[in-house]
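Notes for the one structure printed next.
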């Protein structure tokens, strides 16, 4: 055959067949054919959804092609997960598993058919795949290695029939774990020293940061925002336990198993997904996994206009709740849906401002830059409530940490902007938490508690709201309630900020649980040093000083005070009075009396 007369092209070839097909036919031809046809229809539908084309499907074989390797592999994963779910409903002897092979290669196209080594290699890879598995060529792997949140295992250069050179082959693990051929590095865990957290007696979930597949780093804000908004929606449901975004986002870019995430965060379900933007359209894929069994409860793909993004986030959130059989009241259903914006640029500005603050921490420069970007978002959509909340917090941080020239003016600005946010959307827990914090530092403790309670009722899974409420309760003298509140925050935020431990240790100090306070202080020290933040160790020495005095360990107390003053020579009774807002002055005086006993003058 003179191939010069035919059209050649580079394409992704998808080849599939049934493992153990002859046995299935021998056992029951009628049942096998019925299941086969049903499964092939599923496959045809998924190929079409992923922009592929079925070339042929004789017997138990399916041959398809895709213009994109990414689409081919995503389709393969979707096929195997869907068929796995269907097989779970069949008796063991009737389960039908396909093996899939995917290759990126040169083919000859004649009318609606394709030929050549590219097709033959895909068929050979199919034979190398495990039942229910996927095997891809090195040419395909090189193209998608960093484009999909999947794991791969190199299985060597395979000598296959009728192909002159050995073919490099990879097994697709279909889990977020990478075993690289050269590095041989497996990322199993982020915190190997942490024992598995117990599962609660209600549905529990961690939403991992969605992967940005667009190739544009700027869209990281957008993909992170998808995850954040879903977490926000789920966090409003009291019948669930939802892990905070700061804990799930530590897994960003890290190839870890769903089972490992489940054990580290103490949740049963994991939501993961990806985002791709093209023009004014966005494609989002999402899948919900029961990490204790490895079963996928559902997977779906959404193609929408960008101005529908908040409706899409609500849709995904409600689908999760349906899958987990969480029944909502009408009021809860209304609260799940947030009031977003149809202005994509405003949304991106807001996400950028959040990112600046999260990455840079609390500093004068970071707060100022974050505020500037937030104000730009507000100019783009003055009816978008979320940026106002963030802007108000920036003024609160100025006041709380002395970053501005006037604490009073900063609190005033925070209050006025928070009121504006509340008029736009009073269902945001952070609005009420912010107002609670403002009332606390104005010395209006009862108003602070009332606002804090409102924030928790709106965000029963919001870790920051619970931590701030613990802060308010401590300064209100309600130490036992504060302990329960901060422990809830620690559960919702397994990778917590160190100030959570300060709150817990100070409450233990006031209720006389001094040994426990010292233990918490030691955990604070370890975590602070692990994060390379030794300059923030002064609260550790303060906690040791106070509790050693209460335990009668005068020498240890003096040594701890020396460590405090070495790191923070400006610590004085006057400084402590400025930043302490105890409702009962006796609480602060007790603290100062213990500091005097340790030697502070």
Test: residue in the range 284-303 that is in a helix (DSSP H, G or I) and within 16 Å of residue 229 (Cβ to Cβ): no
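One line per residue, one yes/no per condition, for (1) in contact with a helix residue (DSSP H, G or I) (Cβ under 7 Å, 6 or more places away or on another chain); (2) at pLDDT 75 or above; (3) farther than 14 Å from residue 273 by Cα; (4) surrounded by fewer than 17 Cβ atoms within 10 Å (Cβ to Cβ):
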{"site": "139", "(1), (2), (3), (4)": "no, yes, yes, no"}
{"site": "195", "(1), (2), (3), (4)": "no, no, yes, yes"}
{"site": "223", "(1), (2), (3), (4)": "no, yes, no, no"}
{"site": "233", "(1), (2), (3), (4)": "yes, yes, yes, no"}
{"site": "236", "(1), (2), (3), (4)": "yes, yes, yes, no"}
Residue match in the range 437-445 (condition: part of a helix (DSSP H, G or I), in contact with a helix residue (DSSP H, G or I) (Cβ under 7 Å, 6 or more places away or on another chain) and under 25 Å from residue 345 (Cβ atoms)): no
Odd one out for residue 512 among (1) assigned to a helix (DSSP H, G or I); (2) touching a residue at least 24 places away in the same chain (Cβ under 8 Å): (1)
Filter result (closer than 16 Å to residue 34 by Cβ, touching a residue at least 24 places away in the same chain (Cβ under 8 Å) and surrounded by fewer than 16 Cβ atoms within 10 Å (Cβ to Cβ)) within the range 76-99: 86, 90, 93, 94
Any chance residue 209 is within 10 Å of the chain's Cα centre (by Cα), outside the structural domain of residue 143 (by TED's automatic domain parsing) and either in a helix (DSSP H, G or I) or modelled with pLDDT of 85 or more (or both): yes
Residue among 495, 524 that is within 16 Å of residue 467 (Cβ to Cβ) and surrounded by fewer than 21 Cβ atoms within 10 Å (Cβ to Cβ): 495
Some residue of the range 243-255 being free of Cβ contacts under 8 Å to residues at least 40 places away in the same chain, assigned to a helix (DSSP H, G or I) and outside the structural domain of residue 355 (by TED's automatic domain parsing): yes
Of the criteria (1) surrounded by 15 or more Cβ atoms within 10 Å (Cβ to Cβ); (2) within 21 Å of residue 128 (Cβ to Cβ); (3) at pLDDT below 90, which one residue 59 fails: (1)
Count of the range 451-476 residues which are outside any helix (DSSP H, G or I) and either more than 26 Å from the chain's Cα centre (by Cα) or farther than 20 Å from residue 203 by Cβ (or both): 1
Tally of residues being touching a helix residue (DSSP H, G or I) at 6+ places or on another chain (Cβ under 7 Å), part of a helix (DSSP H, G or I) and touching a residue at least 60 places away in the same chain (Cβ under 8 Å) across the range 484-508: 1
Test: residue in the range 384-399 that is at pLDDT 90 or above and in a loop (DSSP other than H, G, I, E, B): yes
Qualifying position, being touching a residue at least 40 places away in the same chain (Cβ under 8 Å), surrounded by 16 or more Cβ atoms within 10 Å (Cβ to Cβ) and under 37 Å from the mean Cα position of the chain (by Cα), among 107, 119, 73: 73
Selection from the range 228-241 of residues that are touching a strand residue (DSSP E or B) at 6+ places or on another chain (Cβ under 6 Å) and outside any helix (DSSP H, G or I): 241
From the options 126, 110, 145, residue that is within 15 Å of residue 9 (Cα to Cα) and either at pLDDT below 85 or touching a strand residue (DSSP E or B) at 6+ places or on another chain (Cβ under 7 Å) (or both): 110
Positions within the range 560-589 being in a helix (DSSP H, G or I) and surrounded by fewer than 16 Cβ atoms within 10 Å (Cβ to Cβ), in sequence order: 562, 566, 573, 574, 575, 576, 577, 578, 579, 585, 586, 589
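The values are calculated or read from the model by the stated rules, or taken from the named source; none is laboratory data. As the structure is a computational prediction, the values presented were derived from the model and not from experiment. Cβ coordinates were reconstructed from backbone atoms using ideal geometry, including for glycine residues, and neighbour counts include every protein chain displayed.
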